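Structure first, then comments.
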Amino acid sequence: MDIQTAIMEMIKQYDRIIIHRHKRPDPDALGSQCGLAEILRASFPQKEIYQVGGPVEGLEFLATMDVIDAKLYQGALVIVTDTANSPRISDDRYALGEKLIKIDHHPNDEPYGDLVYVDTKTSSCSEIIADFANNQAELKLTAEAARLLYGGIVGDTGRFLYPSTSAHTLRVAADLLTYDFDAPKLNREIEQIPMKVAKLSGYVYEHLEGSPSGAAKVILPTALLEEFEVVDSETSALVPLPGVIDEVLAWALFVEQPEGYFRVRLRSKGPVINELAKKHHGGGHPLASGANASDLNEVAVIFNELQALCEAYKKA
């Protein structure tokens, strides 16, 4: 039995299904989670389907979360989308369910769950969910599900700019666009940023530190974020900015947290960076990862390692 069929069979066995995603969600986390929830609600109206997790951090235009009692997990099927490792799952109650399914597109470094469906070749978890819905005759794709899945694909492909965008990705997106939702509006909602973040973008460009290797970094201290009245979740809009510079090959944004450590957002146009991220309490995709630095000393170590990766890439 292939994994999609096995997942479908398990879904049919449960009257209550609770769907989780990762902390600090992006459009793909919400798109895959809530897109799947909408598909299951339309396909099995007699079942209880919940989408749960912490704050959606400025992505309320995509979806909001259900608030449920812990007792609902008893005898329930739990599905986690777009989450590589269990510590990143939003809401620890995911472990209270009877069975657990993992659906993801990140490297499968932690294959948690009773069923694990990971496809690292896809652009996004939303693409996986769209394929799953299209491959199962019993599942119904609705306009709202299509909106969510399209939003997830747009978000994780960087508006179809990233190397993970395949011909199949574009075919899936085109099929989703046949459903009745306002795609231009959704694209604007995903793209637009508050004025305060736009002003902070200027700081990023002015203070970006580059090296001859093509590595670049910028540090955003908490005092600076307070000055611009920007919270950590809003800094995600700043991550792509260095990538438009022709001299930049790979880059890191170091965002200081109130606790004193730095959240590290890593991106690359070629050098593989996820192994570097793993060394610093993180992980992710080969060209898009996250990590943590305990202090400025570790910030310097990470940037030195990033420079080494860029130098090796250029010599290869």
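When you scan the range 95-136, how many residues do you find that are out of contact with any Lys or Arg (no Cβ under 9 Å at 6 or more places or on another chain), surrounded by fewer than 23 Cβ atoms within 10 Å (Cβ to Cβ) and hydroxyl-bearing (Ser, Thr, Tyr)?
Here the count works out to 2.
Any idea which residue in the range 22-55 is most open to solvent (accessible area, probe 1.4 Å), counting only those that are within 15 Å of the chain's Cα centre (by Cα) and of a type in the set (Asp, Glu)?
Filtering the range 22-55 for residues that are within 15 Å of the chain's Cα centre (by Cα) and of a type in the set (Asp, Glu), the one most open to solvent (accessible area, probe 1.4 Å) comes out as Asp26.
Does Glu275 count as part of a helix (DSSP H, G or I) and surrounded by 15 or more Cβ atoms within 10 Å (Cβ to Cβ)? I'd like the intermediate steps shown before the answer.
Values: part of a helix (DSSP H, G or I): yes; surrounded by 15 or more Cβ atoms within 10 Å (Cβ to Cβ): no.
Against the criterion (part of a helix (DSSP H, G or I) and surrounded by 15 or more Cβ atoms within 10 Å (Cβ to Cβ)), Glu275 does not qualify.
With the requirement that a residue be open to solvent by less than 40 Å² (accessible area, probe 1.4 Å) and either touching a Cys at 6+ places or on another chain (Cβ under 9 Å) or free of Cβ contacts under 8 Å to residues at least 12 places away in the same chain (or both), what does the range 69-90 give you?
Scanning the range 69-90 gives Thr81, Asp82, Thr83.
For the range 104-115, check the following and say yes or no: at least one residue is in contact with an Asp or Glu (Cβ under 8 Å, 6 or more places away or on another chain), touching a residue at least 60 places away in the same chain (Cβ under 8 Å) and among the charged types (D, E, K, R).
No, that holds for no residue.
Scan the range 221-237 and tell me whether some residue there is on the phi < 0 side of the Ramachandran plot, modelled with pLDDT under 95 and of a type in the set (Asp, Glu).
Scanning the range 221-237 turns up at least one residue that is on the phi < 0 side of the Ramachandran plot, modelled with pLDDT under 95 and of a type in the set (Asp, Glu).
With the requirement that a residue be within 22 Å of the chain's Cα centre (by Cα), crowded, with 17+ Cβ neighbours inside 10 Å, within 25 Å of Lys269 (Cβ to Cβ) and among the hydrophobic types (A, V, I, L, M, F, W, C), what does the range 148-206 give you?
Ile153, Val154, Val172, Ala173, Ile190, Val197
Can you name the residue in the range 1-21 that is under 24 Å from Ser164 (Cβ atoms) and in a loop (DSSP other than H, G, I, E, B) and is also most open to solvent (accessible area, probe 1.4 Å) among such residues? Break it down stepwise before answering.
Pass one, the range 1-21, residues under 24 Å from Ser164 (Cβ atoms): 2-4, 7, 19-21.
Okay, now just the ones that are also in a loop (DSSP other than H, G, I, E, B), so 2, 21.
Working: Asp2: 86, Arg21: 1 Å².
Only one residue tops the list, namely Asp2.
The values are calculated or read from the model by the stated rules, or taken from the named source; none is laboratory data. Note that the structure is predicted; figures quoted are calculated from it, not measured. Cβ atoms come from the backbone with ideal geometry, glycine included; neighbour counts cover every protein chain shown. Heads up: the accessible areas ignore ligands, DNA and RNA and are worked out on the full protein's heavy atoms, side chains in. Shrake-Rupley method; radii C 1.70, N 1.55, O 1.52, S 1.80 Å.
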